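Just below is one structure, and these are the notes that go with it.
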């Protein structure tokens, strides 16, 4: 014999299970308002709207159609992989007539151009500084040290 609380728990769980089954199978209805607004509901239409027609869920594909789709996807994946493998050696030149430059070399070229610009800027600034009436020899020494550092970096990274 079940205790009263056990009966209530059993009754509540059976009610919940049956209600979820009903909700899962409930149809979706298209509802239209007087102002032309459209809404969709799986319960009663909201106030001020009327049910126009039920909306049928899309049909599930057959197991044969699902299997065919999987096989077609695998064939297309294999084809894409083989095309990518064929294209890889030919991918070196980006555009016809354009030379291929590896990423490392392109980065090195950009860094070297930056260093050259820094060296030139530092030298121009030093020249401007020394033409002023009042300048500090410490400032000039700092500029010379910076020039030596930049030139050293340029020689190390940019000359082969």
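Data for the structure
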item: Long-range neighbours under 8 Å by Cβ, at least six apart or interchain, first residue over 14 Å from residue 159 (Cβ atoms) within segment 103-118, second surrounded by 11 or more Cβ atoms within 10 Å (Cβ to Cβ); result: 118/150
item: Within segment 44-64, considering residues that are farther than 30 Å from residue 33 by Cβ and either surrounded by fewer than 10 Cβ atoms within 10 Å (Cβ to Cβ) or under 27 Å from the mean Cα position of the chain (by Cα) (or both), the one modelled with the lowest pLDDT; result: 60
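Rundown of residues vs (1) surrounded by 10 or more Cβ atoms within 10 Å (Cβ to Cβ); (2) under 17 Å from residue 150 (Cα atoms); (3) modelled with pLDDT of 90 or more, yes/no style:
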| site | (1), (2), (3) |
| --- | --- |
| 74 | yes, no, yes |
| 84 | yes, no, no |
| 88 | no, no, no |
| 92 | yes, no, no |
| 98 | no, no, no |
| 114 | yes, yes, yes |
| 121 | yes, yes, yes |
| 133 | no, no, no |
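The values are calculated or read from the model by the stated rules, or taken from the named source; none is laboratory data. Everything numeric in this text was worked out from a predicted model, so none of it was measured. Positions of Cβ are backbone-derived with ideal geometry, glycine not excepted, and every protein chain shown enters the neighbour counts.
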